[in-house]
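Structure, as structure tokens:
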Amino acid sequence: MKILKQILNFYINASIHVGLSCYALVKLTMYLFHISFQESMANFAFFGTIVGYNFVKYDALARVQKHQMRNQLKGIAVLSFCSLVLVGYYFFDLQRMTQLVSVIVLGLTLLYTLSFFPNKKNARNWAGVKIYIVALCWVGVTVILPFLDATIPITLAFYLSCIQRFILIFVLILIFEIIDLENDDPHLQTVPQQIGVKRTKQLGYLLLLLYGILSVFSFNLKDSFTIQYLILSLFFLLVIAFFLAFANERRSKYYTSFWVESLPILWWLMVGLI
């Protein structure tokens with residue numbers, strides 16, 4: 001049992017799970033726009049997420065404790081390096097415009113992690129900004145990149161999908177921020193810190209309702225939705241609302257880092273059954 005827990009912790013801490021979540025959302029975008037499977041694009045998103053998240057989480061720790069890194073951190077470093085090599089491999093198999101936008105997303109990630117301005121903190125520590133940068137990065141990777149790489153015309157359905165994906169990631173991050181409320185630096189000015197847990201949940205419910213309204217509207221757009229996908233989307237909105245309702249500071253890290261991040265994966269797997 002202890003070994004299984006260690007494996008699970010490595011799977012989560014090494015960002016493999018969040019990488020699969022990103023992969024799943026890319027596949028959902030491909031399904032939504034009837035894009036044939038793009039292996040390079042999906043794998044680029046998966047390995048890029050592992051590299052990006054591990055860089056954000058462990059960069060400072062690795063530099064400060066580089067002579068006393070624990071075995072798990074060493075394993076994560078090796079995995080991240082291998083993933084970086086694969087990111088470079090798949091990068092050169094993407095369309096030129098996709099490569100350009102992916103560099104912009106990389107710039108946002110670096111801005112989030114590193115301080116480029118004298119006497120200024122990185123964007124991760126800018127008051128109230130974190131949630132928007134993360135959501136924008138996810139929209140870029142899971143909607144814009146696969147759409148561009150498929151070289152299909154931009155339609156209203158694309159813009160609606162970008163808005164919906166932003167809403168989805170924003171609400172999922174709200175759950176994380178509620179769980180982390182006691183541990184987050186007050187200067188971060190996360191949403192729960194600014195308006196409280198109750199109002200944060202109310203905001204999340206309103207955003208999920210907006211997502212549902214946009215889903216129903218998108219159903220009327222040609223070739224954007226099937227009725228099965230619409231029903232499944234509305235079902236998962238209820239599941240997300242359930243996780244939001246029961247989120248509190250006393251929940252374990254697995255509540256968000258495993259279960260909440262599993263929702264896009266389950267969504268994608270269920271889409272494969274319809």
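Of all residues in the range 239-257 being surrounded by 15 or more Cβ atoms within 10 Å (Cβ to Cβ) and of a type outside the set (K, R), which is nearest to N54 (Cα to Cα)?
Ranking the qualifying residues of the range 239-257, first place goes to S257.
Does at least one position in the range 156-179 carry a residue that is at pLDDT 85 or above, out of contact with any helix residue (DSSP H, G or I) (no Cβ under 9 Å at 6 or more places or on another chain) and open to solvent by 60 Å² or more (accessible area, probe 1.4 Å)?
For the range 156-179, residues at pLDDT 85 or above, out of contact with any helix residue (DSSP H, G or I) (no Cβ under 9 Å at 6 or more places or on another chain) and open to solvent by 60 Å² or more (accessible area, probe 1.4 Å): present.
Residue by residue through the range 101-140, note down the ones that are of a type in the set (A, V, I, L, M, F, W, C) and at pLDDT below 85.
Residues satisfying the conditions are V105, L106, L108, L110, L111, L114, F116, F117, A123, W126, A127, V129.
Residues being under 30 Å from Q228 (Cα atoms) and part of a helix (DSSP H, G or I): count how many of those fall in the range 1-46.
Residues that pass the stated criteria total 25.
Tally the residues that are charged (D, E, K, R) and farther than 13 Å from T29 by Cβ, restricting the search to the range 135-166.
Result for the range 135-166: 0.
Any residue that is modelled with pLDDT of 90 or more and among the small types (G, A, S) - is there at least one of those in the range 199-211?
Checked against the condition, which is being modelled with pLDDT of 90 or more and among the small types (G, A, S), the range 199-211 yields at least one hit.
Out of V143, V139, V191, which single residue is within 27 Å of L234 (Cα to Cα), in contact (Cβ under 8 Å) with a residue 60 or more places away in the chain and within 15 Å of the chain's Cα centre (by Cα)?
Exactly one of V143, V139, V191 is within 27 Å of L234 (Cα to Cα), in contact (Cβ under 8 Å) with a residue 60 or more places away in the chain and within 15 Å of the chain's Cα centre (by Cα), namely V143.
Go through the range 153-170 residue by residue and tally those that are among the aromatic types (F, W, Y) and under 18 Å from V239 (Cα atoms).
Matching residues across the range 153-170 total 2.
So K253 passes all but one of these: (1) under 25 Å from G19 (Cα atoms); (2) touching a helix residue (DSSP H, G or I) at 6+ places or on another chain (Cβ under 7 Å). Which condition number does it fail?
Result: K253 fails condition (2) only.
Quick one: S215 ticks every box in (1) within 15 Å of L238 (Cβ to Cβ); (2) surrounded by fewer than 16 Cβ atoms within 10 Å (Cβ to Cβ) bar one, so which box is it?
All conditions pass for S215, except number (2).
The values are calculated or read from the model by the stated rules, or taken from the named source; none is laboratory data. It should be emphasised that the depicted structure is a prediction, and the values quoted were computed from it without experimental measurement. Here the Cβ is made from the backbone with ideal geometry for all residues, glycine too, and neighbour counts use every protein chain on show. Each accessible area value is taken on the protein alone, full model and side chains, heavy atoms only, with ligands, DNA and RNA left out. Shrake-Rupley method; radii C 1.70, N 1.55, O 1.52, S 1.80 Å.
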